[in-house]
1. Whole number in Å², please: accessible area per residue of the chain, 1.4 Å probe, ligands, DNA and RNA not counted.
2. Can you compute the modelled spin-label distance between Glu73 and Ala251, with each label point 7 Å from Cα toward Cβ, in nm?
3. Expressed in nm to one decimal, what extension gain is obtained for the pair Lys206 and Leu306 from 0.36 nm per residue of sequence separation less their Cα-Cα distance?
4. Which of the peptides 69-79, 181-191 is most tightly packed, and how do the rest follow, judged by the mean count of other Cβ atoms within 10 Å per residue?
5. So which of Lys134/Lys237; Lys264/Lys384; Lys175/Lys267; Lys95/Lys224; Lys267/Lys399; Lys237/Lys384 end up more than 28 Å apart, counting from Cα to Cα?
6. Please state the charge dipole magnitude for the chain, taken about the Cα centre, from unit charges on C-beta atoms (+1 on K and R, -1 on D and E), reported in debye and rounded to the nearest 20.
7. Find how many whole Å separate the alpha carbon centroid of the stretch 330-349 from the alpha carbon centroid of the stretch 233-290.
8. Would you grab the residues whose amide H sits under 5 Å from the one on Phe27? Only those 5+ places off in sequence or on another chain, please, with H modelled 1.01 Å from N.
Amino acid sequence: MAEVKEAFPEIGPIRYEGPSSKNMLAFHHYNADALVEGVTMRDHLRFAVAYWHTFRGTGSDPFGSPTMIRPWETAGDPLTVALNRTHVAFEFMEKLGVGFYCFHDRDVAPEGRTLAESNSNLDAVADLLESHQKRSGIRLLWGTANLFSHPRYVHGAATSPNVESFAYAAAQVRKAIEVTHRLNGAGYTFWGGREGYQCLWNTDMKREVDHLARFMHMAVDYAKQIGFTGQFYFEPKPREPTKHQYDFDAATCINFLRTYGLEKHIKMNLETNHATLAGHEMQHELEYAGMQGFLGSIDANTGDTLVGWDTDQFPTSLYLSTQIMYTVLKYGGLTPGGVNFDAKVRRESFEPIDLFHAHIGGMDAFARGLTIAAAMRADGAVQKLLDERYASWSSSMGKGIEDGSESFVSLEKQMLKSGDATPCSSGRQELFENLINTYL
Ligand code: XUL
Ligand code: CO
């Protein structure tokens, strides 16, 4: 193999220098070893780099060609380029100080002319990934398969009207799970890709959704067969690329999992920009999944309020990261999941150094969100206000309803006796919002 040159020679390891540092190639808030609620920031956040955006993003958009300056992306046979890119990826991740990464099979290794050739490409890159993992201690947070780029998936993969698209996808996912297992991946993610429809007239929705469930059952069975015990995730997204994706939002996905008997095997991987496309805040999606016991992992990014598609920007809002981390702490953390930056630098941010700025900013924003959320939990003022709002439910009537001992008839009796409900108290939304701001 050709000698491996450093791709970022001017950048050393990114270190924590504290909030007053003026060095923008340092962490101001992410101090990996610092303890928050007795756990290191590193273990709370379990940051991951998304291979597809960070190492395969070109900056092209529907109006223009690639803009990214990536000197290591030289011309050559695709497998050699992929292997060289693997070295660069690990140099980047080590300098950044992240513990995890995530990939699609086709991000790390090129598609071959046949399935067998694609598999052998993937094996060759997996050898190198494995040796870099061993050397660096960086781990695979989750693997996945790209079931949306190739024309064989034009109508979807598991939900395609073409049975052999399903069969090919099954073969591809089998291999991706095998490689994820081999790389000791902590999880495996299903994102719908083109599992959805553009036009209901030409779509047998029931059949397609049944097929998606069959597909996931096959994945779960295969994992069991080979002894892969990593966590499976289902990642909701309401639209894009199809008009309507079957994995619309957390509630839809959880309903799907329960309907088809998959609820014991699969949790949610929630992504901020997908939540907002579904008309929800990320906090809503986290809360919904958390309260149902399905909170698994996070794809961290943000959309743009003025743009109606999946812009996948790096998250820098402290308000957003506070909302996220408050809810994550409430439901006991993310492990074995983590915070995966499913985010891409802007087309206009085309220099390699922008990759560092983007991830440093995201990691700092989440570290701040974590410490703010922990402070809110430590003094309990927000929880106290919330408890006060529901205080009436601590009455014997409230307890009776919650434990199932009251009925329509018993409640009617009590309301007939009192004549009317006691007046409601103020919701105090502004007070809540002002209180949150005192921690920021
Ligand atoms: C697409 C998206 C995917 C999944 C993995 O919007 O988020 O990259 O995270 O397939
Ligand atoms: Co994602």
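1. Details: 21350 Å² over 440 residues.
Computed with neighbouring chains in place, this is 49 Å² per residue.
2. For the pair Glu73/Ala251, the computed spacing is 4.0 nm.
3. Numbers: separation 100, 0.36 × 100 = 36.00 nm, distance 3.47 nm.
Once the chain is fully extended between Lys206 and Leu306, it gains 32.5 nm.
4. Details: 69-79: 12.5, 181-191: 21.5.
Most protected by this proxy first, the peptides run 181-191, 69-79.
5. Values: Lys134/Lys237 34 Å; Lys264/Lys384 34 Å; Lys175/Lys267 21 Å; Lys95/Lys224 36 Å; Lys267/Lys399 31 Å; Lys237/Lys384 34 Å.
Where the Cα-Cα span goes over 28 Å, the pairs concerned are Lys134/Lys237; Lys264/Lys384; Lys95/Lys224; Lys267/Lys399; Lys237/Lys384.
6. For the chain, the charge dipole is close to 500 debye.
7. 16 Å
8. Arg15, Tyr16, Glu17
The values are calculated or read from the model by the stated rules, or taken from the named source; none is laboratory data. Worth saying up front: this structure is predicted, and the values here are computed from it rather than measured. Every residue, glycine as well, gets a Cβ built from its backbone with ideal geometry; the counts of neighbours run over all protein chains shown. In case anyone asks, the SASA skips ligands and DNA or RNA and just uses the protein heavy atoms, side chains included. Shrake-Rupley method; radii C 1.70, N 1.55, O 1.52, S 1.80 Å.
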